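Everything below concerns the one structure shown next.
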Amino acid sequence: MNTKLTNILEAYKNVKQELQEIKALLVKNNHIPQKSEWIDVSDACRILNICKRTIYSYNAKGLLNPSRINGKLYYKFSELDNLLNQQ
C-alpha cells in the first residue's frame, strides 16, 4: 500500500475509536435506556412528557401494560417507545 492510503486508513481507525469512546461516555452519563429495560412510573412520565394522572389513564385504556414488581409499576422501554412512535 502506498503511504497516503496507509495514513488515511490510520486516521479513519483513530476517528472511529474516538467516536466509540464518545458514544460510551454519552450512554454512561445520560443513561440512554435499552429496549428491554424496565422504567418506573416517574421516568416513564418524563420520557412521555405526561403527568402521572395521564399515565394511569393510559393504563386503564390499555395503551400501556405495566408490570407490578414489589408493589411498584414498571414499563418496558420498548412499550413506551412504541407509544411515542404512534403519536
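The values are calculated or read from the model by the stated rules, or taken from the named source; none is laboratory data. Source: prediction; values computed, not measured. Cβ: placed from backbone, ideal geometry, glycine included. Neighbour counts: every protein chain shown.
Some observations on this one:
- Thr3 fulfils the conditions (1) modelled with pLDDT of 85 or more; (2) β-branched (Val, Ile, Thr); (3) under 27 Å from Leu84 (Cβ atoms) except for a single criterion, (3).
- Members of segment 51-87 found to be touching a Ser or Thr at 6+ places or on another chain (Cβ under 9 Å) and outside any helix (DSSP H, G or I), listed by number: Leu63, Leu73, Tyr74, Tyr75, Lys76
- For segment 38-50, a tally of residues being charged (D, E, K, R) and outside any strand (DSSP E or B) returns 2.
- Residue that is surrounded by the fewest Cβ atoms within 10 Å (Cβ to Cβ) [pool: residues in segment 41-87 that are touching a strand residue (DSSP E or B) at 6+ places or on another chain (Cβ under 6 Å) and of a type in the set (Ser, Thr, Tyr)]: Ser67
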